[in-house]
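Here's the structure we're looking at; comments come further down.
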Ligand code: GLN
């Protein structure tokens, strides 16, 4: 069977199982098994696959059809123009998080001391450091397993980051100019069966337990003119804005929208 014939079979199977973007997912599964770049994949169109290759690709397909996200099968995900290694120990990075990084990158003064809380695979910390080499970037996570992945990503991509283990601000002794966090914010009852770690998703009854816990700690962690960015879900902004105003009555607090025009981040500027 040729590569393009197998791509057709995968696409049909994915479509029949209501998987959106079936053409793209088929391509990504095949490319990751055969280790092909996009260009190599296009050029290999007529290549006849070995039995072994065909079996490996079909195995990846069956994993996908059992509900495992493509990013976990491939063990990697693109974020901010770079490829990050991921496993089921960390959240799959989402494109909307890039907007928080863009805003922080534009706003933080030169040489700012920056902290990423709940770093997961390290995407926020690593992207910030690689885009803004003048920043000092620290990153923490409660999960040792996540820190191992984040450290590997930083090494592979050449970003100098100081990683350490901490439950939110518990082990943080210094103050920062900029704090970024994509914490768990999904209400417990809304958590899908996505194979992603609950630790990275479950935000309690209204989704905001961890976000509120961090905002409570921020006064001890931010410099006098520091700033914080936190990712949140649709419709959470008014609730979290009210809460943040109690902790920071004189701060400038605003919502940052995602590309769909939805308030998806809260920015607190002291
Ligand atoms: N964006 C993720 C989702 O909607 C949630 C990530 C998080 O809780 N930080 O599933």
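Assorted remarks:
- Scanning the range 63-79 for residues that are buried (at least 19 other Cβ atoms within 10 Å of the Cβ) and under 11 Å from the mean Cα position of the chain (by Cα) yields a total of 2.
- The number of residues in the range 80-91 being crowded, with 21+ Cβ neighbours inside 10 Å and closer than 23 Å to residue 36 by Cα comes to 2.
- Each residue in the range 249-267 was checked for being in contact (Cβ under 8 Å) with a residue 24 or more places away in the chain and more than 15 Å from residue 236 (Cα to Cα), and 1 pass.
- Complete set of residues in the range 229-241 that are more than 13 Å from residue 267 (Cα to Cα) and either buried (at least 20 other Cβ atoms within 10 Å of the Cβ) or modelled with pLDDT of 95 or more (or both): 236, 239
- Residues being in a strand (DSSP E or B) and either surrounded by 22 or more Cβ atoms within 10 Å (Cβ to Cβ) or at pLDDT below 95 (or both) - total across the range 209-223: 1
- Residue within the range 153-163 that is crowded, with 17+ Cβ neighbours inside 10 Å, closer than 29 Å to residue 68 by Cα and within 16 Å of the ligand (Cβ to nearest atom) present: no
- Yes/no for residue 169 being within 12 Å of the ligand (Cβ to nearest atom), touching a residue at least 12 places away in the same chain (Cβ under 8 Å) and part of a loop (DSSP other than H, G, I, E, B): no
- Residues in the range 174-189 that are under 18 Å from residue 125 (Cβ atoms) and either more than 15 Å from the ligand (Cβ to nearest atom) or out of contact with any strand residue (DSSP E or B) (no Cβ under 9 Å at 6 or more places or on another chain) (or both): 6 in all.
- Members of the range 71-94 that are without any contact (Cβ under 8 Å) to a residue 12 or more places away in the chain and part of a loop (DSSP other than H, G, I, E, B): 81, 94
- Those residues of the range 95-152 which are surrounded by fewer than 22 Cβ atoms within 10 Å (Cβ to Cβ), modelled with pLDDT of 95 or more, within 16 Å of the ligand (Cβ to nearest atom) and part of a loop (DSSP other than H, G, I, E, B), in sequence order: 142, 143
- The range 190-201, residues that are crowded, with 18+ Cβ neighbours inside 10 Å and either assigned to a loop (DSSP other than H, G, I, E, B) or more than 8 Å from the ligand (Cβ to nearest atom) (or both): 196, 197, 199
- Identity of the residue in the range 237-248, touching a strand residue (DSSP E or B) at 6+ places or on another chain (Cβ under 8 Å) and touching a residue at least 12 places away in the same chain (Cβ under 8 Å), that ends up farthest from the ligand (Cβ to nearest atom): 248
The values are calculated or read from the model by the stated rules, or taken from the named source; none is laboratory data. All values derive from a computational prediction rather than experimental measurement. Because the Cβ atoms are built from the backbone with ideal geometry, glycine has one as well, and the counts that use them run over all protein chains shown.
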